[in-house]
Structures are given as structure tokens and as C-alpha cells.
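The values are calculated or read from the model by the stated rules, or taken from the named source; none is laboratory data. What you are looking at is a predicted structure, and each value in this text was computed from that prediction instead of being measured. Cβ atoms come from the backbone with ideal geometry, glycine included; neighbour counts cover every protein chain shown. Please note that ligands, DNA and RNA were not included when accessible areas were found on the heavy atoms of the full protein model with its side chains. Shrake-Rupley method; radii C 1.70, N 1.55, O 1.52, S 1.80 Å.
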Amino acid sequence: VVLLGATDHRDRIDIAGRRPGRFDRLLHLGCPSPDLLPAALRWQAWPDLADVDLTGLAAHAVGMSGAQIAAWVRSARGLARREQRPLAVEHLETALHELRPPMPDALRWQVAIHEAGHAVVGAATGVAWPKLLALQADGGVTHSKRLMIGQRRSEMEAALAAHGLLPPGAR
């Protein structure tokens, strides 16, 4: 017997159901990585825009799930239908602007500095190496490769500082 289940809240699965012999394998499917976003966007927009480079547009989708990308393309297709035209890059741009309105410049600067701070502290403490920094309409994202996992106090403080969780002066 093979039983499959899906949830957005893995932590809410009863611990009894996760004991050995029950759900032996838990898979986590995250959002598409930045290098896969153009392919995810192309998949949803198929067969339209087959010969169009979607790399620049897909860069604005960092942090979107596959379902969010599908909703974005559906919205763009709706715009194209209302105009009685085939799907075009302009429709994707307009739909994205509606889903993720641009951040005001002053806030954008603050968020950029904040995300850069995560990257600098992670690299300076040797806890993490920055892989991706991105600004979105609702904030920023920092993805890093974790370089050390330790239990010493200094290592835990460095990890907390890199993630912005250590209050100033707590060291």
C-alpha cells in the first residue's frame, strides 16, 4: 500500500503518523530556484511565447511557487483575452505589476540594505555564503549556503546575527 499526502504545513502532521513504518519519506518541494524560473514560466505560458526570452521577466518571480506562477500567467491570459489578442510579454508584465506592485524607492533602498546586511554578516561570521539576494513587492529575500552547523555559543550567536535574530549588544 502506498499512501501519499500533501500539505503546506508539514509541522502540523501528527507525530504518530511520522513514526518509522508510517510516512517513511517526507519530501519538501519548495519554490522554483532562480535558474528554473524561466522554464517554469515558459511551461505555464506554453504554447504562447515559445520563442521569447523570459529570463528577465522570470527574475521578478523569485520566491513565487509554481501555483503562483500559474495564477500569474492565467491573469495575463485573461488580459490578452479581453484585448482579443494573443498572449504577449506586455500582458505578463501588466499582470505581474498587479500581483506585485513596485515598492516605493525609499522603502526599496531600506529593504536592499537590510538584505545586504544578512549577506555581509553571514559571510563575515563564516556562518553562511550568500547565494541570492532579491527584492520583491512585499520585502526582500536572502538565500545563503549554510557553511557551519555548531552548538557552541559563539556559533549560535553568529547564526542568529546573520539571520537578524540576535538583538544588538547581545553578544
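Expected output is a single nm value to one decimal: the length gained when fully extending between T7 and T94, i.e. 0.36 nm times separation in residues minus the C-alpha distance. What is it?
28.2 nm
What nm distance separates the two modelled labels at K131 and A16, each placed 7 Å from Cα along Cα→Cβ?
3.7 nm
Give the average over all directions of the projected area of the C-alpha convex hull of the chain, one decimal, in nm².
14.8 nm²
Pull out a ≥ b ≥ c, the square roots of the eigenvalues of the alpha-carbon gyration tensor of region 32-112, then state rounded if a/c is under 1.5, prolate if not and a/b is larger than b/c, and oblate in the remaining case.
The shape class here is oblate.
So what is the relative contact order for region 58-106, in percent, with contacts set as C-alpha pairs under 8 Å and at least six apart?
32 percent
Can you show me the helix-derived [θ] at 222 nm for the chain, built from DSSP H runs with n ≥ 4 at -39,500 (n - 2.57) apiece and divided by the number of residues, rounded to the nearest 500.
Theoretical 222 nm ellipticity from helices: -13000 deg cm²/dmol.
Of H91, A50, G117, which is farthest on the positive side of the dipole of the chain, counting Cα position, with +1 on Lys and Arg Cβ, -1 on Asp and Glu Cβ, and the Cα centre as origin?
G117
Once neighbouring chains are kept in place and the probe is 1.4 Å, which whole percent of the accessible area of the chain is contributed by carbon and sulfur?
On the way: 6990 of 12200 Å².
That share works out to 57 percent.
To the nearest 10 degrees, how steep is helix 105-125 against the longest Cα principal axis of the chain, on a 0 to 90 scale?
Orientation of helix 105-125: about 40 degrees from the principal axis.
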